[in-house]
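A quick write-up on the structure given underneath.
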Amino acid sequence: MAAAAAAAEPLVTLPPTALAGRALEDAVERATTRARVRRLREHFADAERVLIMMQDDPDPDAIASALALKTLLGRTKSGATIATFGMITRPENRAMARLLEIDVEQVKPRALEEYDMLALVDTQPAFFEEALGEVDLVIDHHPEEAPVRARLRDVRPSYGATSTILTGYLRAADVKIRERLATALLYGIKSDTLHLERGATRADMEAFAFLHGLANRNMLRRIERPDLPDAALDVLTRGLAG
């Protein structure tokens, strides 16, 4: 008994002030985020058409963040377009867009003139070869290579994923996160942080834990193991035969 007691981990107690401080910090952060969401919605309220741009080869974090912003703004397909100048190349990312029914359009730079407002997620104006000028919104977790020219901006290099920032927006605004969106955001955090092993913060972990209970894990497995196209299977068969 004495040996077992000696080997037991010591109990750690926290003073009530520490718990109260954490609760106050969370309350302040939530209030700040709610105010940020209110400004964002007010800014885009009068725009008939909004373009949500991602990087040239969008990854899961970008795709999920774009869908989350569209949901936060309460926009339909005609009211907000999720787009890229390039195209989705990785099989997993194409599977994500297909299985979760996320429409991603490939647009030309001249198409920007057709939209009333431009938002960037998981990227910044300086990351593009095209000159974008001042945009309406930037939400990103990458370090700034140049000062971000945006009317509204939220850049958090300490975060592991932009999906974490958007999850915080949705929760602060009491937006119902449905299974499809939860699955996208969970995969966005999971892929950008390598299963929470690379650059994950407390915020990333809390967002991941929250989304995990809402997401479709069977759908996640299908995204992570996409079916090979027939052409790829033919090449594989010939290779094995040779």
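For the range 64-143, chymotrypsin sites (Phe, Trp or Tyr not before Pro) meeting the loop criterion (DSSP other than H, G, I, E, B) and having at most 12 other Cβ atoms within 10 Å: none. What the Cβ-Cβ distance of Glu134 and Arg38 gives, at R0 = 25 Å and to the nearest 0.05, is a FRET efficiency of 0.70. In the chain, helices alone account for a calculated mean residue ellipticity at 222 nm of -14500 deg cm²/dmol, with every DSSP H run of four or more residues adding -39,500 (n - 2.57). Once you've got the GNM for the chain with C-alpha springs shorter than 10 Å, pick whichever of Ser65, Ser158, Ser191 has the biggest mean-square fluctuation. Result for the chain, Cα springs under 10 Å: Ser158 fluctuates most. Within the shell of other residues whose beta carbon sits under 13 angstrom from the beta carbon of Glu144, the net charge comes to 0, with Lys and Arg scored +1 and Asp and Glu -1.
Between Ser78 and Arg178, the simple label model (points 7 Å from Cα in the Cβ direction) yields a spacing of 1.9 nm.
Accessible area per residue (1.4 Å probe, heavy atoms of protein chains only) ranks Val138, Val155 as Val155, Val138, with the largest value leading. Per-residue Karplus couplings for the range 115-127, computed as 6.51 cos²θ - 1.76 cosθ + 1.60 with θ equal to phi - 60°, are listed in order as 10, 7, 9, 10, 10, 10, 10, 6, 7, 9, x, 5, 7 Hz, Gly and Pro entered as x.
Measuring against 24 Å, Cα to Cα, the residue pairs Lys77/Lys190; Lys108/Lys176; Lys70/Lys190 contain Lys77/Lys190; Lys108/Lys176 as the ones spanning a longer distance. For the chain, which span is the longest to avoid every loop-located (per DSSP) member of GluC sites (Glu not before Pro) having at most 16 other Cβ atoms inside 10 Å? The longest such stretch corresponds to 49-100. Rounded to the nearest 0.05, the FRET efficiency derived from the C-beta distance between Ala209 and Ala241 at R0 = 51 Å is 0.60. Computed over the range 132-201, the quotient of the alpha carbon radius of gyration and 2.2 N^0.38 Å is 1.20. Highest mobility in the GNM of the chain, judged by mean-square fluctuation with C-alpha springs under 10 Å and restricted to Gln106, Gln55, Gln124, is found for Gln106. Relative contact order for the range 18-116: 29 percent, from Cα pairs under 8 Å spaced at least 6 residues apart, divided by residue count. 3J(HN,Hα) along the range 70-83: 4, 5, 4, 7, x, 9, 8, 4, 6, x, 8, 10, 8, 9 Hz, from the Karplus curve 6.51 cos²θ - 1.76 cosθ + 1.60 with θ = phi - 60°, whole Hz, x for Gly and Pro.
Only Cα pairs under 8 Å and 6+ residues apart enter the sum, and on that basis the relative contact order of the range 76-183 stands at 16 percent. With θ taken as phi - 60° and the Karplus curve 6.51 cos²θ - 1.76 cosθ + 1.60 applied, the whole-hertz 3J(HN,Hα) list for the range 91-97 is x, 5, 6, 5, 5, 4, 5 Hz, x standing for glycine and proline. Only Cα pairs under 8 Å and 6+ residues apart enter the sum, and on that basis the relative contact order of the chain stands at 19 percent. On full extension, the segment bounded by Ala31 and Glu92 gains 18.3 nm, given 0.36 nm per residue less the C-alpha separation. Annotation for Phe127 and Ala111: the two label points, set 7 Å from Cα along the Cα-Cβ direction, are 1.8 nm apart. Solvent-accessible surface (1.4 Å probe) assigned to Asp59 amounts to roughly 40 Å².
The values are calculated or read from the model by the stated rules, or taken from the named source; none is laboratory data. On a predicted model such as this, the values are computed, not experimentally measured, just so you know. Positions of Cβ are generated from backbone atoms using ideal geometry, with glycine treated the same way; all protein chains shown enter the neighbour counts. These accessible areas exclude ligands, DNA and RNA; they are computed on the full protein's heavy atoms, side chains included. Shrake-Rupley method; radii C 1.70, N 1.55, O 1.52, S 1.80 Å.
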